1. Checking ASN277 against (1) open to solvent by less than 50 Å² (accessible area, probe 1.4 Å); (2) under 17 Å from ALA333 (Cβ atoms); (3) assigned to a loop (DSSP other than H, G, I, E, B), which test does it fail?
2. Applying the selection to segment 76-132, what residues are of a type outside the set (D, E, K, R) and free of Cβ contacts under 8 Å to residues at least 12 places away in the same chain?
3. Which fully enclosed strands (runs of 3 or more DSSP E) of segment 287-399 have 3 or more residues being touching a Ser or Thr at 6+ places or on another chain (Cβ under 8 Å), among the aliphatic types (A, V, I, L, M) and more than 16 Å from ligand 2 (Cβ to nearest atom)?
4. Counting just the residues of segment 53-67 that are part of a loop (DSSP other than H, G, I, E, B) and within 23 Å of the chain's Cα centre (by Cα), which one comes out farthest from LEU42 (Cα to Cα)?
5. Could you please find all residues in segment 21-52 being among the β-branched types (Val, Ile, Thr), more than 18 Å from PRO166 (Cβ to Cβ), outside any helix (DSSP H, G or I) and open to solvent by less than 60 Å² (accessible area, probe 1.4 Å)?
6. State yes or no: is LEU391 outside the structural domain of GLU125 (by TED's automatic domain parsing) and over 19 Å from GLY196 (Cβ atoms)?
7. List every residue pair whose Cβ atoms lie under 7 Å apart, where the two residues are 6 or more positions apart in sequence or sit on different chains, the first residue falls within segment 216-237 and is within 27 Å of THR315 (Cβ to Cβ), and the second residue, located anywhere, is among the aromatic types (Phe, Trp, Tyr) and more than 10 Å from ligand 1 (Cβ to nearest atom).
8. When only residues in segment 283-342 that are away from ligand 1 (no atom under 15 Å from the Cβ) and small (Gly, Ala, Ser) count, which is surrounded by the most Cβ atoms within 10 Å (Cβ to Cβ)?
Amino acid sequence: MTVARSFKTLDDMSDIAGKRVLVREDVNVPMADGVVTDDTRLRAAVQTVAELSDRGAKVIVLAHFGRPKGERNPEMSLALVTKPFEAVIGRPVRFIDDEYAAETIAKMTDGEIGILENTRFDPGEEKNAPETVERFAALGDLYVNDAFSAAHRAHASTEGLAHRLPAFAGRQMEAELDALDKALGNPEHPVAAVVGGAKVSTKLDVLKHLVAKVDHLIIGGGMANTFLAARGVNVGKSLCEHDLTGTAEEILDAADKANCIVHLPYDVVVAKEFAANPPSLRTCNVHEVAEDEMILDVGPAATEALGDVLKNCRTLVWNGPLGAFETPPFDTATMSLAHTVAALTKEGSLVSVAGGGDTVAALNQAGVADDMTFISTAGGAFLEWMEGKELPGVAALQH
Ligand code: ADP
Ligand code: MG
């Protein structure tokens, strides 16, 4: 079933040959010694930029790079990203200096691609200042926002411009919004959410939003310890936010009222020291954790039970690893669940959407990143969406 979309896409753009199209991309790539060390974001920008170029538009990429705080900084010039982007897209890309932007763009031929200097060199960018919006708007006829990962910010290039020029979602933005809609907006039930990671405090709003939305809330990682403590379990010297046990109880109550089943681990992997394969490693029932032990992963019995829960679900949204997955063997539960999710997704029984820096790293470690329905690399924007917040950059496309 396709749901009518609340935003326009490249499919709604017609007669764009010769038009100047401003495309907001996220090309904020990590660099070391002038070399791009991870070109994921450049690759993700290719589809929209290439399509617009193929259709004869003059494509002007708008993007930020680093945090120059409204000042020119040659180390954060997008001139540094122009050649790497050219290599990734396999076509010529021109750098557009701010000071000669109008002249440079006037000389661009149909289908040509350029990258405008770092939008954050302008102090009005992050303030969404009207004069900055005007300066950008004067350079283009149409606006495409393809940077979901910047959509939680109401900046001139991410939000302001959408009110000033005809605005469209790029292919990446479109894919992200469709996937997120399938996961939590209009999902097929039963829906499960896995929330893990280190601390409850960083994900309170996520948990509060999810209990009202999903049928099964699976809590793992360090944050599960706070919930276990709230239920009277002695978690030894595990990472645990004891001051938040009251909040954890409120979340459990809210889940109860919303008919959301909360799954906490009933067996766990513990150790006395946090190190790879420590001699004190053992698996036990949550009620048997000793005073000097730490819970570092979900146990095998609970992990298997979680797999069974997912077998009966149609949709999964996943943020946060189940254990301290960077240190073996505390990656075991996360890897095992990742493989289960990948298999169910491949079978077609589960729509799986995952996001979060460490979650994506864990899924890559499991080698299943390509088997998920959708992986969001959007970081902050993904979390705000998980919290049920309206993202200004998305809302501006929907008006
Ligand atoms: P994401 O980046 O996907 O949103 P988080 O940053 O919230 O995820 O959490 C990831 C971190 O949580 C990892 O560094 C992992 O080691 C840690 N973690 C998971 N389980 C535990 C645990 N039981 N004790 C301590 N740290 C944990
Ligand atoms: Mg993280």
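1. It fails just one condition, (1).
2. ALA87, GLY90, TYR100, THR104, ALA106 - these are the residues of segment 76-132 that are of a type outside the set (D, E, K, R) and free of Cβ contacts under 8 Å to residues at least 12 places away in the same chain.
3. 294-298
4. ARG67
5. Listed by number, the residues that qualify are VAL27, VAL29, VAL36.
6. Yes; evaluated as a whole, the condition is true for this residue.
7. If the second residue must be among the aromatic types (Phe, Trp, Tyr) and more than 10 Å from ligand 1 (Cβ to nearest atom), the pairs left are ILE219/PHE227.
8. ALA342
The values are calculated or read from the model by the stated rules, or taken from the named source; none is laboratory data. A quick note: this is a predicted structure, and the numbers were derived from the prediction, not measured. FYI the Cβ positions are ideal-geometry reconstructions off the backbone, even for glycines, and counts take in every protein chain you see. Please note that ligands, DNA and RNA were not included when accessible areas were found on the heavy atoms of the full protein model with its side chains. Shrake-Rupley method; radii C 1.70, N 1.55, O 1.52, S 1.80 Å.
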